Amino acid sequence: MSAVPVSLRRTLRPDVTASLVVFLVALPLCVGVAVASGVPAELGLITGIVGGLVTGFLPGSSLQVSGPAAGLTVLVYEAVQEYGLSALGVIVLAAGLLQLLLGALRCGRWFRAISVSVVEGMLAGIGLLLIAGQLYGMAGISAPTSGIAKLTGLPGLLIDVVGSTQALSAFAIGAGTIAAMLIWQRLPAKTRVLPGALAAVGLATAATALLGLPVAMVQVTGLLTAINLPGLDDFGRLARVGVLGTVVTFMLIASAESLFSAAAVDRLHDGARTDYDKELMAQGVGNAVCGVLGALPMTAVIVRSATNVHAGAKTKWSRVLHGAWLLLFAALLPAALGIIPIAALAGVLVHAGFKLLPIKHLTPMWREHRG
């Protein structure tokens, strides 16, 4: 130990501890976001791995953690349905290169000029559609393709759930997952050894196995098998106006969410402040790599970032290590994904969707309106 620099000894233990905590938080979210996006579960893990090992290593924000985010789930699902899974990589790659260019042109500060209310309103709409779509996932029923159809079809979904034993069992697992997460938040901090999402998914998985419930499980193909490198034909899709619009939308939402997250994380610690241009470039590099691998787009995620800070992280190595733990899990224990009920992951995403709704701001607005 005497050969190890004192500064490293002071940061190594807290960084390793924080990385393990963030890994446990990120694992169910990576898988859940992928399944909700209509892509193989492994692609969510790949994005989480890249967010740790690539984006996490680059300068910008030292404690912010990146990975697949619930805020892009609805957009990714619609893009995959419209253009196919093979086009996803090209779209994400182009969005990443655009982020990289804007960061190099020092446009990061301009994203900070976007009103917080605009971003919150945009994410609230996405959250509402995410909740509606994942209610179908909780029942093991395919969701309608359009957002309006998802909302108007909810009464019919209720009838289908009540009339089918399998759908009712799956919905109960999803609802139980949400209930477990809500209860977990209210337990004393000392008893919450695991993150709420991981504990809830674990309980749902155990209940499904013990009761022998006939619900759908996550399909596992393997990390290397899931990689979908874009072909030359896929790049030709960039000539379509709709695809270019999707690229710009991905870039705008991912960039705004990442930089607003960075500002929030800066208020949680006393370390170095975020360089927004470098952070935008780091996000661009990460998304470009994800695009080459055909994986999901990434953003900085406030839940994981705040967890990283609160767990005592000192340097960027905590987020790099969290990516390494995700890689080890995906390489050594991929079969563990195959025993997770899809309904449980849908429950996690419903919970995440509610977090995108500005409920704290709606209550005073409602009171003011009534007054």
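Within the range 99-114, the set of residues being at negative phi and at pLDDT 85 or above comprises Gln99, Leu100, Leu101, Leu102, Gly103, Ala104, Leu105, Cys107. Mind listing whichever residues of the range 105-128 are surrounded by 14 or more Cβ atoms within 10 Å (Cβ to Cβ) and aliphatic (A, V, I, L, M)? Ile114, Val119, Met122, Leu123, Ala124, Ile126, Leu128, listed by residue number. In the range 294-306, the count of residues that are charged (D, E, K, R), assigned to a helix (DSSP H, G or I) and under 17 Å from the mean Cα position of the chain (by Cα) is one or more. Pick out the one residue from Val76, Val16 that is in contact with a Ser or Thr (Cβ under 7 Å, 6 or more places away or on another chain) and of a type in the set (Val, Ile, Thr). Going through Val76, Val16 in turn, the sole match is Val76.
Residues to consider are Ser318, Ser261; find the one that is over 17 Å from the mean Cα position of the chain (by Cα), surrounded by 24 or more Cβ atoms within 10 Å (Cβ to Cβ) and either farther than 23 Å from Ala87 by Cβ or modelled with pLDDT under 90 (or both).
Working: Ser261 fails: over 17 Å from the mean Cα position of the chain (by Cα).
Answer to the selection: Ser318.
Looking only at the range 137-160, how many residues end up being in a helix (DSSP H, G or I), under 20 Å from Ile342 (Cα atoms) and free of Cβ contacts under 8 Å to residues at least 40 places away in the same chain?
Within the range 137-160, the first condition is being in a helix (DSSP H, G or I), and the residues that meet it are 137-138, 147-152, 154-160.
Adding the requirement that they be under 20 Å from Ile342 (Cα atoms) leaves 137-138, 150, 154, 157-158, 160.
Imposing the further condition that a residue be free of Cβ contacts under 8 Å to residues at least 40 places away in the same chain reduces the set to 150, 154, 157-158, 160.
Count: 5.
Could you please let me know if Pro28 is crowded, with 24+ Cβ neighbours inside 10 Å and either touching a Cys at 6+ places or on another chain (Cβ under 8 Å) or within 21 Å of Leu194 (Cα to Cα) (or both)? Give the derivation first.
Values: crowded, with 24+ Cβ neighbours inside 10 Å: yes; either touching a Cys at 6+ places or on another chain (Cβ under 8 Å) or within 21 Å of Leu194 (Cα to Cα) (or both): yes.
Spelling it out, Pro28 is indeed crowded, with 24+ Cβ neighbours inside 10 Å and either touching a Cys at 6+ places or on another chain (Cβ under 8 Å) or within 21 Å of Leu194 (Cα to Cα) (or both).
Among the residues of the range 261-282, those identified as more than 12 Å from Ser305 (Cα to Cα) and not hydroxyl-bearing (Ser, Thr, Tyr) are Asp270, Gly271, Ala272, Arg273, Asp275, Asp277, Lys278, Glu279, Leu280, Met281, Ala282.
Restricting attention to the range 227-247 and to residues that are surrounded by 11 or more Cβ atoms within 10 Å (Cβ to Cβ) and β-branched (Val, Ile, Thr), the residue that is farthest from Leu88 (Cα to Cα) turns out to be Ile227. Taken together, Leu182, Leu158, Leu128 contain a single residue that is touching a His at 6+ places or on another chain (Cβ under 9 Å) and either closer than 23 Å to Pro28 by Cα or at pLDDT below 95 (or both), which is Leu182. Just checking, which of Thr47, Thr55 is in contact with a Leu (Cβ under 8 Å, 6 or more places away or on another chain), of a type in the set (S, T, N, Q) and closer than 30 Å to Val309 by Cβ? So the residue among Thr47, Thr55 that is in contact with a Leu (Cβ under 8 Å, 6 or more places away or on another chain), of a type in the set (S, T, N, Q) and closer than 30 Å to Val309 by Cβ is Thr47.
If we keep just the residues of the range 242-255 that are within 16 Å of the chain's Cα centre (by Cα) and under 13 Å from Leu75 (Cβ atoms), which is modelled with the lowest pLDDT?
Filtering the range 242-255 for residues within 16 Å of the chain's Cα centre (by Cα) gives 250-251, 253-255.
Filter once more, keeping what is under 13 Å from Leu75 (Cβ atoms): 250-251, 253-254.
Numbers: Phe250: 96, Met251: 95, Ile253: 91, Ala254: 94.
Per the criteria, the residue is Ile253.
Could you please let me know if Ser117 is assigned to a helix (DSSP H, G or I), modelled with pLDDT under 95, farther than 22 Å from Val348 by Cα and more than 21 Å from the chain's Cα centre (by Cα)? Taking the combined requirement at face value, the residue satisfies it.
The values are calculated or read from the model by the stated rules, or taken from the named source; none is laboratory data. Keep in mind that what you see is a predicted model, and the values were worked out from it rather than measured. We place every Cβ from the backbone using ideal geometry, glycine too, and count neighbours over all the protein chains shown.
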